[in-house]
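S.K.: Quick one: the structure is below, and I'll ask about it shortly.
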Number of protein chains: 2
Amino acid sequence: MDIREKKIAILAPVAWRCPPREYGAWETVASNITEGLVARGWKNITLFATRESVTKARLISFVEKGYELDKSQIPLVSTCLHIQKAMEMAGQFDLIHNNFDYQPLTYLRFIKTPMLTTIHGFSDPDILRVYRDHKDSYYVSISDSDRDSELPYLATVYNGIDLSNLTFRENRGDKLVCYGRIHPDKGYHLAIEAAKKSGRELILAGIIQDQDYFDNEVSPHIDAKQIKFIGPVNPLQRDELLGQAYAVLHLNTIPERFGLVMAESNAAGVPVIAMDLGSCREVIADKKTGFLVNSVDDAVEAIDKIPQIDPAACRRHVEKNFTIDIMVSKYEKVYEKIFQLEEQKKQ
Amino acid sequence: MDIREKKIAILAPVAWRCPPREYGAWETVASNITEGLVARGWKNITLFATRESVTKARLISFVEKGYELDKSQIPLVSTCLHIQKAMEMAGQFDLIHNNFDYQPLTYLRFIKTPMLTTIHGFSDPDILRVYRDHKDSYYVSISDSDRDSELPYLATVYNGIDLSNLTFRENRGDKLVCYGRIHPDKGYHLAIEAAKKSGRELILAGIIQDQDYFDNEVSPHIDAKQIKFIGPVNPLQRDELLGQAYAVLHLNTIPERFGLVMAESNAAGVPVIAMDLGSCREVIADKKTGFLVNSVDDAVEAIDKIPQIDPAACRRHVEKNFTIDIMVSKYEKVYEKIFQLEEQKKQ
């Protein structure tokens, strides 16, 4: 049997649509995996996601809209129903590819279908209690650095991004850019500090995930001249934003798990100045597609060195490592491995 | 087979210990059901609760401490593991008596053991999405007023309280008392208003569940003279508090689901002035064990009429309706009914 006829369920979160209109990192990746599998000829792909999702696969939905944009929903009610219903249908699939964290694992001993979980990040060390209760399941990490020492991983599969909405531009813009989600982890305050020290204009974009942080650490610096804030950006707006970029600042304060923003920026030919924490050195090629730094002062120095970076090298780096097709071809190998291991179990 | 040899799993929440040291309404009831069944001769009762819980039944725990008092836990991680593990053991029981809301229902189609859910309250209309997905399960309401029209209920079983820590006192005290959890739903602000209008002293007690509410609507009125606040009370402190009470004010702003505070107060011989919303008229016998009111001004009038209430009548009312033994004997009938219905299904 051609492996591409196997029935695969992709379980996405239901915080946002698949693909998200603006923010929604895990939904973006779940969508990219789904569409990538279809594009590579997989015949029986089912996406479990919100009903407003758009996919070329079969869509099954028990939640109408992403709960982040529909405050009438209790998020836990939506996630419980979404996961319960998918698990009740487990018998229809050869493999469940879980992109929705630990809660689906709690059904593992009730279903016979193998489950692969891509761990998109440990939001808190406490969630390891559930993962470690299921060491006999299958896991993929999204970077070598974002791994728990006790879990058995089949592979690291880097996130693949959709290049179609990321226009490569040979000529760089003159703005510093910082986008994603506005949260202390993402170091918007450090980007502001670096911009002020360098004297360059900085455009901030993204959803406000931590309102206190925005109100206290970000908003007071917005002056509509040197420091601008444009709110969340959809893929088209993001492309336009990157077109104005001299460099993207990604001065994360905690270890990055993967860092879609870095790959997207490089794809547009934009160098990234990233804090050397977690996966950043796996995504950015230091001195080739950006600079890894350890402080705001390092970042200010790096800003001056941006002309050394060739935009075409940035794009090539992404094309070689972080496309959807590369990601999906790696997942194909992981799926194949799981099917082999499952066959061995039966013998 | 004697029904009291059936294997029953009581699933408690894990926010607090069973029984709680201070606050924890659902854990209190789950504990009372468990101990009441043991007291009535049930041989095979298992309580799923936090490891620090105290019970004469078999205790099974996957969570060390209540997550409300151990902030290193992510509550959802603890609840997921607690429920998952209990559900994985479902085959060992003849019946699961779920006192932990909707999340256990999401495993119903994976287990063969029948589940009875006591619905301790609908925290939000949205949780009905899960209940209504499981209309073929078994439900008990804790008052006739707290019912969803679409769910099939086997019975209303009023909460039973432990009278051993509630000393009956013939002579009333001179303080107004308001205790439980400090939340707008519980109308502490209305109790303060009524106390001020009546000129009587008011003692407030309870956990602070809504800090903004406490800071803005309660705290500014605390003067250590007319309006005192003593924090959370354990059962012994509660007994002492009720010993000082002239009346308990229970001026809830939303329909009460049951109202343990009202039954406890009456058990101590203390009349209750309660807003006539939800279950209050099922727990309080108007003009016999307290007064049902519709406004703060009504409450102020009722305060003057408290001497008409006989403390002994309050106690008798509880002894006749809200003891653990009465509650458990009603649950025995519900369990019996479920076993009959399950037998019929098999035939």
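The values are calculated or read from the model by the stated rules, or taken from the named source; none is laboratory data. In this text the structure is predicted, and so the values were computed from the model without any measurement. No Cβ is skipped: glycine too gets one built from the backbone with ideal geometry, and neighbour counts run over all protein chains shown. Please note that ligands, DNA and RNA were not included when accessible areas were found on the heavy atoms of the full protein model with its side chains. Shrake-Rupley method; radii C 1.70, N 1.55, O 1.52, S 1.80 Å.
S.K.: Tell me the total accessible area that A and B bury against each other, 1.4 angstrom probe, in square angstrom rounded to 100. Intermediate values should be presented prior to the final figure.
M.R.: Working: alone 15220 and 15210 Å², together 28030 Å².
When A and B are taken together, about 2400 Å² of accessible area is lost.
S.K.: Sticking with this structure for a sec: Where the label is 7 Å out from Cα toward Cβ, how close does B:Pro255 come to the same position in every other copy, in nm, shortest first?
M.R.: For B:Pro255, the inter-copy label distances come out at 5.1 nm.
S.K.: While we're here: Would you mind working out the magnitude of the charge dipole of the range A:156-245 relative to its Cα centre, with +1 at each Lys and Arg C-beta and -1 at each Asp and Glu C-beta, to the nearest 20 Debye? The partial results should precede the final answer.
M.R.: On the way: 11 positive and 13 negative charges, 63 e Å.
It comes to approximately 300 debye.
S.K.: Please work out the Cα center distance from the range A:30-59 to the range A:268-347, rounded to the nearest Å.
M.R.: If you average the Cα positions of each part, the centres end up 24 Å apart.
S.K.: Another one. Going by the alpha-carbon gyration tensor, a ≥ b ≥ c the square roots of its eigenvalues, is the protein assembly as shown rounded (a/c under 1.5) or, if a/c is not under 1.5, prolate (a/b greater than b/c) versus oblate?
M.R.: Details: a/c = 2.86, a/b = 1.61, b/c = 1.77.
Judged from the Cα gyration tensor, the protein assembly as shown comes out oblate (a/c at least 1.5, b/c at or above a/b).
S.K.: Let me ask something else. Could you give the dipole magnitude of the range B:209-347 about its Cα centre, charging the beta-carbon of Lys and Arg +1 and that of Asp and Glu -1, in debye to the nearest 20? If you can, show how the numbers build up before the last one.
M.R.: Details: 16 positive and 23 negative charges, 126 e Å.
Charge dipole, the range B:209-347, about its Cα centre: 600 debye, nearest 20.
S.K.: While we're looking at this one, here's another question. Report the calculated FRET efficiency for A:Arg51 and A:Asp174 (r = Cβ-Cβ distance, R0 = 41 Å), to the nearest 0.05. Display every interim value, and only then the final one.
M.R.: Numbers: r = 43 Å, r/R0 = 1.04.
Using R0 = 41 Å, I get an efficiency of 0.45.
S.K.: Return the distance in nm (one decimal) between the two label points of a simple spin-label model at A:Ile3 and B:Arg281, each offset 7 Å from Cα along Cα→Cβ.
M.R.: Modelled inter-label distance: 6.9 nm.
S.K.: Treating the point 7 Å from Cα along Cα-beta-carbon as the label, what are the nm separations from A:Ala155 to the other copies, to one decimal?
M.R.: Counterpart label points of A:Ala155 in the remaining copies fall at 5.8 nm.
S.K.: Name the residue farthest towards the positive end of the dipole of chain A from the options A:Pro152, A:Ala312, A:Ile10, assuming +1 on Cβ of Lys and Arg, -1 on Cβ of Asp and Glu, about the Cα centre.
M.R.: Farthest towards the positive pole: A:Ile10.
S.K.: Treating the point 7 Å from Cα along Cα-beta-carbon as the label, what are the nm separations from B:Lys112 to the other copies, to one decimal?
M.R.: In ascending order, 1.5 nm.
S.K.: Right, next: Within 10 Å of each candidate Cβ there may be at most 16 other Cβ atoms; applying that plus a DSSP loop requirement, which GluC sites (Glu not before Pro) in the range A:101-206 survive? Before the final figure, lay out the partial values.
M.R.: Numbers: sites: A:Glu150, A:Glu170, A:Glu193, A:Glu201; in loops: A:Glu150, A:Glu170, A:Glu201.
Hits after loop and neighbour filter: A:Glu150, A:Glu170.
S.K.: Quick one: Cα centre-to-centre distance for the range A:111-136 and the range A:166-219, in angstrom?
M.R.: For the range A:111-136 versus the range A:166-219, the Cα centre distance is 33 Å.
S.K.: Let me ask another. Of chain A, which part is the longest with no trypsin sites (Lys or Arg not before Pro) in a loop (DSSP not H, G, I, E, B) and with at most 11 other C-beta atoms within 10 angstrom?
M.R.: On the way: sites that count: A:Lys71, A:Lys112, A:Lys135, A:Lys225.
Formally, the longest exposed-site-free interval is A:226-347.
S.K.: Right, next: Using only C-alpha atoms and all pairs of different ones, pull out the Kirkwood radius for chain A in Å with one decimal.
M.R.: Numbers: mean 1/r = 0.0481 Å⁻¹.
The answer is 20.8 Å.
S.K.: With an 8 Å Cα cut-off and a minimum separation of 6 or more residues, compute the relative contact order for chain B in percent. Spell out each step's value before the answer.
M.R.: Details: 713 pairs, mean separation 52.1, N = 347.
Relative CO of chain B lands at 15 percent.
S.K.: For the protein assembly as shown, what does the helix formula give at 222 nm: sum of -39500 (n - 2.57) over DSSP H segments with n ≥ 4, over the residue count, nearest 500 deg cm²/dmol?
M.R.: Details: 20 runs with 220 residues, N = 694.
That comes out to -9500 deg cm²/dmol.
S.K.: Rounded to whole Å, how close does chain A get to the rotation axis onto B by Cβ? Give me the residue too, please?
M.R.: A:Phe110, 2
S.K.: Assuming 0.36 nm per residue, please report the length gained on full extension of the stretch A:Gln344 to A:Lys135 beyond their Cα-Cα distance.
M.R.: Working: separation 209, 0.36 × 209 = 75.24 nm, distance 1.78 nm.
Between A:Gln344 and A:Lys135, full extension yields 73.5 nm more.
S.K.: If B:Ile60, B:Ile227, B:Ile74 are ordered by their accessible area, calculated over protein heavy atoms with a 1.4 Å probe, which sequence runs from highest to lowest?
M.R.: Working: B:Ile60 25, B:Ile227 0, B:Ile74 50 Å².
Sorted descending by solvent-accessible area, the residues read B:Ile74, B:Ile60, B:Ile227.
S.K.: Something else now. Tell me, what does the Kirkwood hydrodynamic radius of the range A:55-178 come to in angstroms if you use every pair of distinct C-alpha atoms?
M.R.: Details: mean 1/r = 0.0582 Å⁻¹.
About 17.2 Å, per the Kirkwood formula over Cα pairs.
S.K.: Right, another one. Nearest 20 debye, what's the magnitude of the dipole of chain A about its Cα centre given +1 on Lys and Arg Cβ and -1 on Asp and Glu Cβ? Write out the running numbers ahead of the final one.
M.R.: Numbers: 43 positive and 49 negative charges, 201 e Å.
Roughly 960 debye for chain A.
S.K.: Using the Cα centre of the range B:196-283 as origin and beta-carbon charges of +1 (Lys, Arg) and -1 (Asp, Glu), tell me which of B:Ile254, B:Ile230, B:Gly243 is placed farthest towards the positive end of the dipole.
M.R.: B:Gly243
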